Amino acid sequence: MSAAIIALIVSTIVNHRHQQQRLHAVLTAGGCRTDSRADPDGVGVHVADPVYQVNPPAEGPHIATPAPSGFYTTDDAPPDGKVVHSLEHGYIDIWYHPDLSQQDIAALRSLDDEFPIDVLMIPRPSMSTLVAATAWDHRLLCPNVQPGPLAAFVKAYRNKGPERIPHQ
């Protein structure tokens with residue numbers, strides 16, 4: 001292998017690491033934290049009534065029909081199994097505690113307006129945090145609404161699920 005090819009490979013690896021470090025810094029602003037906790041892999045695994053150990057879920061077996069993008073309330077929230085199927089297709093789920101202030105809900109609605117075909121906004125009273133975002137095998141957990149980290153998460157992970165389905 002020539003020195004030029006080796007230098008190019010090393011440069012690419014270093015650049016990728018720097019990009020990942022920059023993304024991590026943006027995502028963890030405002031007290032948010034990231035992890036990759038998820039239930040066992042469920043790519044293409046359809047079940048009637050999945051149960052998730054990780055809250056909010058970021059992967060796992062799921063219902064055969066995905067949930068569409070949109071802003072949901074406690075009255076019309078889809079079941080977790082449909083939401084996880086959406087993750088498999090590259091959608092981003094933003095989970096919020098239903099008791100957020102009207103100002104925080106408005107901030108989430110603005111984010112939903114910015115990414116209308118890529119995001120599902122879903123209430124989740126059982127979370128240990130007030131706001132979370134999930135992509136397939138990625139989670140962002142925030143103590144409150146953080147538009148910058150949430151938008152960066154959407155941009156970084158949308159359309160990157162294991163089953164690439166064009167969003168409509």
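The values are calculated or read from the model by the stated rules, or taken from the named source; none is laboratory data. Because the structure is a prediction, the values reported are computed rather than measured. Every residue, glycine as well, gets a Cβ built from its backbone with ideal geometry; the counts of neighbours run over all protein chains shown.
What residue, among those in region 32-43 that are surrounded by fewer than 21 Cβ atoms within 10 Å (Cβ to Cβ) and touching a helix residue (DSSP H, G or I) at 6+ places or on another chain (Cβ under 8 Å), is modelled with the lowest pLDDT? Give the steps one after another, and end with the answer.
So the first thing to find is which residues in region 32-43 are surrounded by fewer than 21 Cβ atoms within 10 Å (Cβ to Cβ), and the list is 33-37, 39-41, 43.
Now drop any that are not touching a helix residue (DSSP H, G or I) at 6+ places or on another chain (Cβ under 8 Å), which leaves 34, 43.
Values: THR34: 95, VAL43: 84.
Checked region 32-43; the qualifying residue modelled with the lowest pLDDT is VAL43.
Output the residues belonging to region 137-150 that are under 22 Å from ALA67 (Cβ atoms) and at pLDDT 95 or above.
Within region 137-150, HIS138, ARG139, LEU140, LEU141, CYS142, VAL145, LEU150 qualify.
Name the single residue, out of those in region 56-73 being loosely packed, with under 15 Cβ neighbours inside 10 Å and either touching a residue at least 24 places away in the same chain (Cβ under 8 Å) or in contact with a Lys or Arg (Cβ under 8 Å, 6 or more places away or on another chain) (or both), that is farthest from MET121 (Cα to Cα). Before the answer, list the steps.
So the first thing to find is which residues in region 56-73 are loosely packed, with under 15 Cβ neighbours inside 10 Å, and the list is 64-65, 68, 70, 73.
Then keep just the ones that are either touching a residue at least 24 places away in the same chain (Cβ under 8 Å) or in contact with a Lys or Arg (Cβ under 8 Å, 6 or more places away or on another chain) (or both); that gives 65, 68, 70, 73.
Numbers: THR65: 17, PRO68: 10, GLY70: 6, THR73: 8 Å.
The residue in question is THR65.
Going through region 125-139 one residue at a time, which ones are surrounded by 21 or more Cβ atoms within 10 Å (Cβ to Cβ) and among the small types (Gly, Ala, Ser)?
Once the filter is applied, which keeps residues that are surrounded by 21 or more Cβ atoms within 10 Å (Cβ to Cβ) and among the small types (Gly, Ala, Ser), region 125-139 yields ALA132, ALA133, ALA135.
Go through (1) in contact with a helix residue (DSSP H, G or I) (Cβ under 7 Å, 6 or more places away or on another chain); (2) more than 26 Å from GLY42 (Cα to Cα) and name the single condition ALA67 misses.
Condition not satisfied by ALA67: (2).
Mind listing whichever residues of region 74-87 are in contact (Cβ under 8 Å) with a residue 12 or more places away in the chain, surrounded by fewer than 21 Cβ atoms within 10 Å (Cβ to Cβ) and of a type outside the set (Val, Ile, Thr)?
Correct list: ALA77, PRO78, PRO79, LYS82.
For ARG164, which of the numbered conditions (1) among the charged types (D, E, K, R); (2) in a loop (DSSP other than H, G, I, E, B); (3) under 13 Å from PRO56 (Cβ atoms) fails to hold?
It fails just one condition, (3).
Residue-wise test of (1) out of contact with any strand residue (DSSP E or B) (no Cβ under 6 Å at 6 or more places or on another chain); (2) under 20 Å from ASP76 (Cα atoms); (3) assigned to a loop (DSSP other than H, G, I, E, B).
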| position | (1), (2), (3) |
| --- | --- |
| PRO98 | no, yes, yes |
| LEU111 | yes, yes, no |
| MET121 | no, yes, no |
| ALA133 | no, yes, no |
| ARG139 | no, no, no |
| ASN144 | yes, no, yes |
| LEU150 | no, no, no |
